[in-house]
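First the structure, in the form of structure tokens, and then the observations on it.
Taken together, the values in this text are just the output of simple stated rules run on the coordinates, not laboratory data. All values reported here derive from a predicted model rather than from experimental measurement. Here the Cβ positions follow ideal geometry from the backbone for every residue, glycine too, while neighbour counts run over all protein chains shown.
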Amino acid sequence: MKKLDDIQKLIWERSAQVELPSPPDKEAVWMRLSQHMDISDMDKDINQDQQRLAPPAQRFLSKFKPRITYAVALGLALIFALPIAYDSLTTETFMTQTTDFRTLELPDGSTIRLNAGSQIKYKKDFNTDHRSLAMTGEAYFNVQNGNTPFVIQTNQGQVTVLGTSFNVRSREDGFEVGVNEGIVKVSNDSKSVILHKGQMIKVDSKFDEKNLQNISYTNYPDWMHEKLVCEQTPLSEVCEEIERTFGISFEFANPSFSDITVTGVIDAKDLNTVLSTISLLTQHEFKFNGDTCTIF
Amino acid sequence: MAEQEQILLQGIKNSDKTAFNQLFFDFHDTLFRFVAYRVQDGDLAEDITQETFLRVWRNRESIQPEKSFFSLIARISTNLCYDHFRHMEVRHRHEDLLPEFGKSHFDDPEAVNQATMLQEEIQRVVNDKLPDKCRNIFILSRIEGKSNPEIAELLGLSVRTVENQIYRALKVLKKNLKNYL
């Protein structure tokens, strides 16, 4: 090194005394980056396909110009007919009726345990260049690590993951996601929130990072452990879950009963235990008539 | 190490995501600090760092594995910083007119102020006056605390070049900092 004078030495020392913000968590950055990479690869494939298709199409037009009207008519007919045929040929659907549980394995080795009254749909090319599926109802996912993100579409938004275990409960007014292992991204049209192990969030009109909760009980999700966990849950909602699980229906002798809230962990192995626990918690009587249970 | 880097770069060129992940983990923090030094904003530095890696992936086919990876990401991020500054130019022109607030005053406000002011001026001259190559070397040396041989290997240069560039940086700094010394 050449000789430095005093001023240069001072500059040399001072220049290292900078306070810089500390770098963000690399794992989280990588997860975001990895998704962007997949999206950009997907866009690129689509563009290449279009480029490959474009020149022959032009040649086709110049050769067969007189017949172009037929081509257009045929094309239009195909456009309307294809999606229906295409959909039924390329889509796998699994569903559970009430009282029914089911475990299924996806082509990438991930497993899904479907709660009663739920449905999963995915394209047959799942795990080739995408891993996305649509669901309604409730399911517990154990996702294998893979090259493409695992995306779950619900009616109200989507959940994106790389490899992890978590529960998605999709109901009419919104959906709920809780994470047992790994990191999961939950998003709807306007927002997205990252969930870590042990966190859950409800996605409805009030979807916000502030509403992140810690999972407060060890046996999450409740239905996987034949439990029903209620925290200030309206009786109407509790009854809906029981209807789904045991295939019965409830009637309230007084409509105001539906607003009674229930708090506690209910053993859900058999119907009698559930009903007697709820009877105890709500201080109301149950009476059975066939498959209908009336609450007095 | 340079050899391993070359193998990883060849992997990225062949769309190997694991190789990319490896280089990402090796270089993320250094690039982040490099960008943060330039833009002086943590959130913005985070965005530019991520975008830099994304651009490498998008253009992976044109990667030259024998060339230094850090030089590549330094160049991409520097261009992204320029884009950003061009965007913000108007705002910055106004901000420069405002007096600086929020500086802490310790026991000897005079001395503390002079020290921070000198440091900030150094940062300004490094960012505005040094040529890209010279600046990359200077930041790696002063902020990342790397030795000259380490920098030489990282950038695929001779140790002699690194020494010369650091000396050159100090000369430019001294010239530009006359009023602060």
Would you mind calculating the relative contact order of the range A:131-283 from Cα pairs under 8 angstrom and at least 6 residues apart, reporting the percent as a whole number? 14 percent
Work out the length of the dipole vector of the protein assembly as shown about its Cα centre, built from +1 on the beta-carbon of each Lys and Arg and -1 on the beta-carbon of each Asp and Glu, and round it to the nearest 20 debye. 2620 debye
More than 18 angstrom apart: percent of Cα pairs within the range A:84-172: 40 percent
Average partner coverage of A:24-30, which counts Cβ from other chains inside 10 Å: 4
Have a look at A:Tyr122, A:Tyr70, A:Tyr140 and tell me which one the Gaussian network model of chain A (Cα, springs below 10 Å) gives the largest fluctuation. A:Tyr70
Bin width 10 Å, alpha-carbon pairs only: give the P(r) of the range A:83-234 as whole percents, running from 0 to the bin holding the largest distance. 11, 42, 37, 9, 1
From Cα coordinates alone, what are the radius of gyration and Dmax values for the range B:117-181 in angstrom? 11.8, 36
Can you give me the relative contact order of the range A:115-180 as a percent, contacts being Cα pairs under 8 Å and 6 or more apart? 27 percent
Per DSSP H run of at least 4 residues, take -39500 (n - 2.57); add these up for the protein assembly as shown, divide by its residues and hand me the 222 nm value, nearest 500 deg cm²/dmol. -16500 deg cm²/dmol
Kindly write out, for the range A:269-274 in residue order, the coupling ³J(HN,Hα) from the Karplus curve 6.51 cos²θ - 1.76 cosθ + 1.60 (θ = phi - 60°), rounded to whole Hz, with x marking Gly and Pro. 6, 9, 4, 4, 4, 4
Averaged over B:171-178, how many beta carbons belonging to a partner chain fall within 10 Å of each residue's beta carbon? 3
Output the antiparallel fraction of DSSP beta bridges having both residues in chain A, as a percent to the nearest 5. 90 percent
Can you give the longest run of chain A that contains no trypsin sites (Lys or Arg not before Pro) sitting in a DSSP loop with at most 11 other Cβ atoms inside 10 Å? A:4-123
Averaged over its residues, how many other protein chain Cβ atoms are within 10 Å of peptide B:23-35's Cβ atoms? 3
Dipole of chain A, positive end: most advanced residue of A:Leu280, A:Val265, A:Phe80 [Cβ charges, Cα centre]: A:Phe80
Compute the Kirkwood hydrodynamic radius of the protein assembly as shown, taking the inverse of the mean of 1/r over all pairs of distinct Cα atoms, and give it in Å to one decimal. 27.9 Å
Ranking A:Thr245, A:Ile39, A:Phe296 by how far each Cα lies towards the positive end of the charge dipole of the protein assembly as shown (+1 on Lys and Arg Cβ, -1 on Asp and Glu Cβ), the top one is A:Ile39
Under 8 Å for C-alpha pairs, at least 6 residues apart: give me the relative contact order for chain A, rounded to a whole percent. 9 percent
